[in-house]
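Heads up, the thing below is written out as structure tokens.
FYI, it's all coordinate maths here, none of it is from the lab. Just so it is clear, the structure is predicted and the values come from calculations on it, not from any experiment. Cβ sites come from the backbone with ideal geometry, for glycine too, and all protein chains shown count toward neighbours.
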Amino acid sequence: MNLLMNLPQWFSQHAISFTLILAYIPLIATVVTTIVSLVLVRATLRYTASSDRSLALSREQFEREWAPELHIKLERLSARDARILVTNLARISVLMQMVQMRKLSMAVPSVRSFLNEPLVGGTTWSEDLGKRLFASTGENYEGQIAISITFYAAGRMYRTDWFRFQVQVRNNQLLQLDPVNISARRVQVLQSRKGTRITPPELVRDVVGAVKSDEDSVAR
């Protein structure tokens, strides 16, 4: 009986405490929600960064597997002739457009040969140079020459690095033709898929214009 009589008094004494607790419940819920949201945002950012890295790695791997890569080699056939061999080391097929040859002391290629030769991935194309080698070296020369290939692949125009060779020519006689071991860079894009020219170095700036002029003359 005493307990029942004391209940109203107990409720009246603790009414302020219950009201205060009820007032703090939304605040506590807001704080908990904010903390959970921050944890979820952090997890989302980490997942996004990981996905971006995975996507970049996959893109780089795809580009490496399908990026065009040509290797150029010169062979001495006789004292009067040499041969050029171009090997497509990539999977993608290319369309060779031009062969350039120059001495290292010359800024502009001395010999340019226009081509229209397809080269499937994993195959080699070869051609005798004939007098074109001596047109680049002259009657007497001892030093290095450089040779490069301009080609189309997947709608873009590329140019290989300058492959160097040690040459010795005396009285129009080819006495020596050996490759020079240097680290070659990957091919450079000269023209994009949309036909927009990519600004190349000074030594190759005339390549795109020369190829386009030759194509225009053929079209006419």
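Inter-label distance, residue 128 to residue 154: 3.8 nm, where each label sits 7 Å from its Cα along the C-beta direction. For region 39-140, the C-alpha radius of gyration divided by 2.2 N^0.38 Å, with N the number of residues, is 1.74.
At a 10 angstrom cut-off on C-beta neighbours, averaged per residue, how do the peptides 172-178, 54-60 rank from highest to lowest?
Working: 172-178: 14.4, 54-60: 10.1.
Listed from highest to lowest mean packing, they are 172-178, 54-60.
For an R0 of 25 angstrom, estimate the FRET efficiency from the Cβ-Cβ distance between residue 76 and residue 180 and round to the nearest 0.05.
Approximately 0.95, to the nearest 0.05.
With the simple spin-label model, which puts each label point 7 Å out from Cα in the Cβ direction, the residue 170 to residue 135 separation comes to 2.7 nm.
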